[in-house]
């Protein structure tokens, strides 16, 4: 018999896609470079940040989407950035 209990969105070690809202970078810094630098401060390297980064938002909002673990979301949030989980399933 199949287990009908709902599964959690992500366990403590699984990555999920989050949108992270940031301040706009300085005029002389490219938004994607700023987003990679922000992510690298949590993930430990530019390479890890580039691997986690999914998209850099540059026009209507300043931020990025990235695959993050719950612990990484906590670290990002402690930097006064807002991280929001994005479900990849549509309700429509």
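What follows draws every value from the coordinates through simple rules; no lab data is involved. What you are looking at is a predicted structure, and each value in this text was computed from that prediction instead of being measured. Counting neighbours? That spans all protein chains shown, and the Cβs are built from the backbone with ideal geometry, glycine included.
So here's what we get for this one:
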quantity: Segment residue 28-residue 82, length gained on full extension (0.36 nm per residue, minus Cα span); calculated: 17.1 nm
quantity: Sequence of 17, 73 once ranked by neighbouring C-beta atoms within 10 Å, starting from the fewest; calculated: 17, 73
quantity: Burial ordering of 80, 35, fewest other beta-carbon atoms within 10 Å first; calculated: 80, 35
quantity: Alpha carbon Rg of the range 24-85, scaled by the compact-globule rule 2.2 N^0.38 Å; calculated: 1.03
quantity: Debye intensity ratio I(q)/I(0), log10, the range 11-59, q values 0.22, 0.24, 0.33 Å⁻¹ (C-alpha model); calculated: -0.82, -0.95, -1.39
quantity: Inter-site label distance for residue 59 and residue 14 at 7 Å from Cα along Cβ, in nm; calculated: 3.4
